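Some notes on the structure that comes next.
The values are calculated or read from the model by the stated rules, or taken from the named source; none is laboratory data. None of the values given here were measured: they were computed from a predicted structure. Cβ atoms come from the backbone with ideal geometry, glycine included; neighbour counts cover every protein chain shown. Accessible surface areas use protein heavy atoms only, side chains included; no ligands, DNA or RNA. Shrake-Rupley method; radii C 1.70, N 1.55, O 1.52, S 1.80 Å.
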Amino acid sequence: MRNGLSCRQDQCETIRARKGGVPVVCLTAYTYPVARLLDDHVDLLLVGDSVAMVLHGHKTTLGASLEMMIAHGQAVMRGSSKACVVVDMPAGSYETSAAQALASARRISEETGCEAVKLEGGVEVALQIAAIVTAGIPVMGHIGLQPQSVEKDGGYKIKGRTPENVAALMRDADAVAKAGAFSLVIEGTVETVAADLTRHITIPTIGIGASRDCDGQILVIDDMVGLTVDRVPKFVKEYADLRSAVADAAARYAAEVRSRTFPGPGHVFSAASDKDKA
Ligand code: KIV
């Protein structure tokens with residue numbers, strides 16, 4: 001329930017109906033102020049488990065926990081009134097069984113009020129997706145490069161480079177769609193393969209390091225605004241340079257504190273004035 005409307009199914013069905021239409025605009029968001037800033041500009045906000053790396057400094061997304069995802073999901077929901085908010089299911093919260101996946105999805109859904117959850121995998125998580133969807137919680141799938149499998153895969157490897165892998169990706173996409181997901185993230189996959197997958201399945205594909213032919217695109221917000229301090233993947237386009245803006249502001253603030261020019265007259269309170277407000 002948001003703004004008094006039961007909009008969860010509607011929001012996800014609206015995105016499902018965008019297959020082959022105007023591209024779906026998606027970004028990650030992890031905090032209240034960023035959700036406030038992005039909400040007017042995007043169709044979908046993903047509280048990605050990338051939060052573990054981007055905001056918490058973990059080396060991989062395996063550092064994300066259910067509690068972490070719920071806390072950030074709650075913050076984003078407070079800042080969003082329009083976008084479809086999807087919260088990632090962290091590694092370890094859904095792989096074991098459909099029952100485990102459903103219990104975790106229910107916690108995320110009930111404790112955040114988000115529209116949908118996302119989980120990584122294809123054929124091997126089809127039962128989990130079906131159980132969550134059947135319980136009334138919409139699911140977004142995620143195939144191709146799966147960051148939660150980085151240790152198993154021995155690094156971040158681009159997918160779709162061999163005929164066997166392309167066939168596996170097709171099977172995965174089919175399984176996720178058949179299980180009832182309303183959309184599918186395709187990450188780090190050869191461009192032509194991502195385009196073929198998009199033509200092949202009936203639900204919208206959301207690309208990241210994939211193809212402009214996908215039905216939508218997503219980027220990690222900190223990468224997109226140039227705030228990421230570690231390595232930025234090739235598929236990222238930086239639309240702003242907030243690293244320089246933050247460093248420049250910090251340097252000017254430090255200089256003004258050291259020279260005692262901050263706080264100036266406009267930033268202090270006089271004893272006499274009743275007009276002063278903090
Ligand atoms: O966690 C995340 O940010 C994601 C996107 C990159 C799709 O899964």
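General observations
- Residue list for region 32-71, restricted to those being open to solvent by less than 40 Å² (accessible area, probe 1.4 Å), over 18 Å from PRO233 (Cβ atoms) and either touching a Gly at 6+ places or on another chain (Cβ under 8 Å) or acidic (Asp, Glu) (or both): ALA35, ASP39, LEU44, VAL47
- Matching option when the condition is in a helix (DSSP H, G or I), of a type in the set (Gly, Ala, Ser) and under 18 Å from the mean Cα position of the chain (by Cα), among SER93, SER109: SER109
- Checking the stated criteria, ALA101 turns out not to satisfy the condition of being more than 29 Å from THR198 (Cα to Cα) and at pLDDT 95 or above.
- Candidates SER81, SER109, filtered to the one that is away from the ligand (no atom under 16 Å from the Cβ), open to solvent by 30 Å² or more (accessible area, probe 1.4 Å) and within 19 Å of ALA29 (Cα to Cα): SER81
- Per the listing VAL87, VAL25, the residue uniquely open to solvent by less than 20 Å² (accessible area, probe 1.4 Å), within 14 Å of the ligand (Cβ to nearest atom) and under 12 Å from the mean Cα position of the chain (by Cα) is VAL87.
- Selection of region 215-234 for residues being part of a loop (DSSP other than H, G, I, E, B) and open to solvent by 70 Å² or more (accessible area, probe 1.4 Å) yields VAL229, ASP230, ARG231, LYS234.
- Region 236-257 residues that are open to solvent by 50 Å² or more (accessible area, probe 1.4 Å), paired with ones that are part of a helix (DSSP H, G or I) (beta carbon under 8 Å, 6 or more apart): LYS237/MET224; GLU238/ASP223; GLU238/MET224; TYR239/MET224
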